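The values are calculated or read from the model by the stated rules, or taken from the named source; none is laboratory data. Please read all numbers here as calculations on a predicted model, not as lab measurements. With ideal geometry, Cβ positions are generated from the backbone for all residues, glycine too; neighbour counts draw on all protein chains shown. Note: accessible area is taken over every heavy atom of the protein model, side chains too, but ligands, DNA and RNA are not part of it. Shrake-Rupley method; radii C 1.70, N 1.55, O 1.52, S 1.80 Å.
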Amino acid sequence: MPDTNAAPPPALDALIIGAGFAGLYQLHMLRDRLGLAAEVLEAGSGVGGTWYWNRYPGARCDSESHSYCYTFSDALLQEWEWSERYPEQPEIMRYLNHVADRFDLRRSIRLDTRVAAARYDEAANLWRVRTEAGQVLSARYLITAVGCLSTANVPRIEGLDRFAGDWFHTGQWPHGGVDFTGKRVGLVGTGSTGIQATPVIAATAKHLTVFQRTANYSVPAQNAPLTPEFRRHVKQNFAKIRQVMRETTNGHPFRISEHAAFDVTPEERQAAYEAAWAKGGLQFRATFRDLLLDPAANETAAAFIKAKIHAIVKDPATAAVLADIDHPYAAKRPPIDSQYFEAFNRDNVSLVDLRGAPIERITPTGIQTSQAEYPLDIIVFATGFDAMTGPLLRIDIEGRDGLALRDAWAAGPRSYLGLTMTGFPNLFTITGPGSPSVLTNMPVAIEQHVDWITDCIAYLRAQGIARIEPTDPAADDWVKEVNRAAAATLLPQASSSWYLGANVPGKPRVFMPYAGGLAHYRRLCDDVAARGYAGFALS
C-alpha cells in the first residue's frame, strides 16, 4: 500500500506534457541547456507523440524526410539516414526513439502517465498537476506539448455500440495491427488519413467501401527510396536547406514561386502544373505564389487536379463524385497520396457519396445510409481529430482565480502568439491555437516555439521574475491578427475544414492556426522578446 502520509515530491522547475517531437526537444533544452529540473509526463507506453498512436495502414508523413527532423544538432543530422522521400510511421518512431536514447532523455520521462488536471496555485506560484492515477506533481513552469492532432474524433453514430464486427479509429490504432484479409471493410472519411489508408486496405480486403462526405483534392506523393547521391547532397548542404526552411511561409525545404498564376500563358501554366504533378508532394501548392490568395488563380489549380481525377478513375460516375469538391485547393490541409484515385479502379473498391445518401445509423451487420445498407465486418473511422484545442481541453486546466480553460475558450481559443494565455501564468503551449503549427512543416514550428520558450524562461530566471502572463490587450490584438491573417487568404472558405473545428459537432467555428506565415511569425515573436517581452505582465 502506498504511504498516504509521505511528503509530496519536491517541486520541479518545469513539467512538460507529451513526449513527441515537441516534448522531447523541450526537455532537452530545459534540462540540458538551462540545467533545470524538468520532467515529461507521457500517456503512452513509449515516446513518439502522435506517431505513437497513429499506426494505421499507410500512415506516412507528408513532409519530406530530410526536412521532417530536428535541426538543432548537426551531429544528429549527419548520423541519421532516412530511407525514403516520405517516411512511414515505423521509421519516424525509430528516429524519435534514437533521439530519446542519443540525448539520454528517457530518465526524465514518465510513461503511461496521463495528465487529468492542472491547477495554478497562486499563493505558491506553482502548477499542481494531477495524473489519472492520482499522483500530484508541482512545477514553476508548465509546458503543454500535447500535439495538435492527438484527440481522436469518433463520430457519434446511432448503433455503433451494437455493431457485431470490429471498429477502429485511425488515431487509436491497435499496436498489433489489423488483418483485413477476406474482410468486408467500411472506411468512413476521406481526409489525409483516409486517402493514405484506402489503397493499403484495398490491397488485402475482400471488399472496401469508402464512405465520402467531403470530396478532397490530392496530389501524388511520388514517393521513392532516397538515392545515395541525394543523401550526400542533404548532409553537405543542410545549412542552406535549414535556412530555406526558416525563411519560407510553411517551413518546407522549397520556396514558393515568384510568379502569379496569370503571369504566364495558359500553356505555360499547364506545363508548370504537369511538372509539379510529376514531381509530387506539397510543393504542388508552391507552383504559383497566389494560389491561396486569388480565387481565380486557385481555380486553375483546382481545375487541373479535377481533370486528373477524371483521367485516372475509369468509372465516370465515381470520378464525378470524387471530383465534386466544394472548397478551394489547399484551403484544407492538402493531402498527398500513393495510388489513392487509382484504388477506385479496383474491382473490390466502391464509393458511397454521403452527401446524396447520409449515414442514418450503424446496424449490427454494417452501415445503413438513407438509400441502402452495406454489410461490413470491420469499420474504420478516418474522421480525424478534435484538432488544436481538443488535446488541451481534454485536460482539466484551471488558471488564476479558478478560471477553467474550457470557460476561457468557450467562444473559441484566445491566446497571445499561440504560446500563452491570459489568466494562466507560467503556462506555455507549444504549437497551440493562434500559431502557424498545422499550416507548416511541424518540426520547424516546434523548434521555433521551444527555442522561444527556453529563451523566455532563461530571461525570467536571470531577471528574477517569478511569473509571466499576457495582458488582455495583447491577447485581444493577437486574436485580431490571427483573424486578419486568415481573412487575407482563401483558407476560411473551406467550411468543412478542421482548421475551423468543423469536424466536431458543437465546436466553435473559429479559424485556429496563424496564417501569416512561419517566417513572419518568427519575426513577430523575436520582436516581442527583444522588447523585453512586450505584451506580457511580468512580476
Exercise. Does Gly189 meet the test of being modelled with pLDDT of 95 or more, of a type in the set (Gly, Ala, Ser) and within 24 Å of the chain's Cα centre (by Cα)?
Worked result: no
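The rows are residues; the columns are (1) at pLDDT 95 or above; (2) surrounded by fewer than 20 Cβ atoms within 10 Å (Cβ to Cβ).
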| position | (1), (2) |
| --- | --- |
| Ala488 | no, yes |
| Leu491 | no, no |
| Ala502 | no, yes |
| Tyr514 | no, no |
| His520 | yes, yes |
| Arg523 | yes, yes |
| Ala534 | yes, yes |
| Ala537 | yes, yes |
For this session: Note down all Cβ pairs under 9 Å where the first residue falls in segment 71-84 and is under 17 Å from Pro253 (Cβ atoms) and hydroxyl-bearing (Ser, Thr, Tyr), the second is surrounded by fewer than 16 Cβ atoms within 10 Å (Cβ to Cβ) and at pLDDT 95 or above, and they're at least six residues apart or on different chains.
Result: Thr71/Arg246
Exercise. Using beta carbons and a limit of 7 Å, which pairs, at least six apart or on different chains, have the first residue in segment 101-126 and within 21 Å of Val146 (Cβ to Cβ) and the second one among the hydroxyl-bearing types (Ser, Thr, Tyr) and not in a helix (DSSP H, G or I)?
Worked result: Leu111/Ser45; Asp112/Ser45; Thr113/Thr131; Arg114/Thr131; Val115/Thr131; Ala116/Thr131; Leu126/Ser138
Problem set entry | Unmet criterion (only one of (1) among the small types (Gly, Ala, Ser); (2) open to solvent by 10 Å² or more (accessible area, probe 1.4 Å); (3) assigned to a helix (DSSP H, G or I)) for Gly171 | (2)
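So if I check each of Pro334, Pro253, which one is closer than 25 Å to Gln448 by Cβ, modelled with pLDDT of 95 or more, open to solvent by less than 50 Å² (accessible area, probe 1.4 Å) and outside any helix (DSSP H, G or I)? So that I can check it myself, show each step before the final result.
On the way: Pro334 fails: modelled with pLDDT of 95 or more.
Just one listed residue meets the conditions, Pro253.
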Exercise. Restricting attention to segment 31-56, which residues are in contact (Cβ under 8 Å) with a residue 40 or more places away in the chain, surrounded by fewer than 22 Cβ atoms within 10 Å (Cβ to Cβ), more than 16 Å from the chain's Cα centre (by Cα) and in a loop (DSSP other than H, G, I, E, B)?
Worked result: Leu34, Leu36, Ala43, Gly44, Ser45, Gly46
Exercise. For segment 428-438, which residues satisfy the criterion of being buried (at least 22 other Cβ atoms within 10 Å of the Cβ) and not small (Gly, Ala, Ser)?
Worked result: Phe428, Thr429, Ile430, Thr431, Pro433, Pro436
Exercise. Residues Asp101, Asp13, Asp3: which one is at pLDDT below 95 and either closer than 26 Å to Arg232 by Cβ or outside any helix (DSSP H, G or I) (or both)?
Worked result: Asp3
Exercise. Do we find that Ala410 is modelled with pLDDT of 95 or more and of a type outside the set (D, E, K, R) in this structure?
Worked result: no
For this session: Search segment 399-413 for residues that are open to solvent by 20 Å² or more (accessible area, probe 1.4 Å) and pair each with any residue that is outside any loop (DSSP other than H, G, I, E, B) when their beta-carbon atoms are under 7 Å apart and the residues are at least 6 apart or on different chains.
Result: Arg400/Tyr120; Arg406/Leu393
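With respect to Glu258, is the statement that it is surrounded by fewer than 14 Cβ atoms within 10 Å (Cβ to Cβ), closer than 23 Å to Val444 by Cβ and touching a residue at least 60 places away in the same chain (Cβ under 8 Å) true? Explain how you work it out, then say what you get.
Values: surrounded by fewer than 14 Cβ atoms within 10 Å (Cβ to Cβ): yes; closer than 23 Å to Val444 by Cβ: yes; touching a residue at least 60 places away in the same chain (Cβ under 8 Å): no.
No: the conditions fail for Glu258.
Quick grid of which residues meet (1) open to solvent by less than 10 Å² (accessible area, probe 1.4 Å); (2) of a type in the set (D, E, K, R); (3) out of contact with any Cys (no Cβ under 7 Å at 6 or more places or on another chain):
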residue	(1), (2), (3)
Arg106	no, yes, yes
Asp121	no, yes, yes
Thr131	yes, no, yes
Gly159	yes, no, yes
Gly165	no, no, yes
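Tell me whether segment 174-186 contains one or more residues that are among the acidic types (Asp, Glu) and more than 15 Å from Val380 (Cα to Cα).
Let us first name the residues in segment 174-186 that are among the acidic types (Asp, Glu), namely 179.
Among the residues that remain, those that are also more than 15 Å from Val380 (Cα to Cα) are: none.
Looking for residues that are among the acidic types (Asp, Glu) and more than 15 Å from Val380 (Cα to Cα), one finds none in segment 174-186, hence no.
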